[in-house]
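The values are calculated or read from the model by the stated rules, or taken from the named source; none is laboratory data. If you're wondering where the values come from, they're calculated on a predicted model, not measured in any experiment. Virtual Cβ from ideal backbone geometry, glycine too; neighbours counted across all protein chains shown. Accessible surface areas use protein heavy atoms only, side chains included; no ligands, DNA or RNA. Shrake-Rupley method; radii C 1.70, N 1.55, O 1.52, S 1.80 Å.
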Amino acid sequence: MPKLKTRRAAAKRFAATGTGEFKYQNANKRHLLGPRSPKRKRQLRRTDIVDKSNHDAVKKMLPYA
């Protein structure tokens, strides 16, 4: 069986955790931050876990993660 290719765009955006989940950095933290509340900007700093409904799709894009 041939080797599987990793989707490079997904590899740059997602990282596997020790429990087999995928974490990612939240969007909307690049510019136009003035109107956002400090609480919202603080929450956007944290990483988040990929939802169960998208887990299989990310796993398929990252076969060796």
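May I ask you to verify whether residue 32 is open to solvent by 90 Å² or more (accessible area, probe 1.4 Å) and modelled with pLDDT of 95 or more? So residue 32 fits the description; yes. With respect to residue 19, determine if the residue is exposed (fewer than 10 other Cβ atoms within 10 Å of the Cβ) and either under 14 Å from the mean Cα position of the chain (by Cα) or polar (S, T, N, Q) (or both). For residue 19, the condition - exposed (fewer than 10 other Cβ atoms within 10 Å of the Cβ) and either under 14 Å from the mean Cα position of the chain (by Cα) or polar (S, T, N, Q) (or both) - is met.
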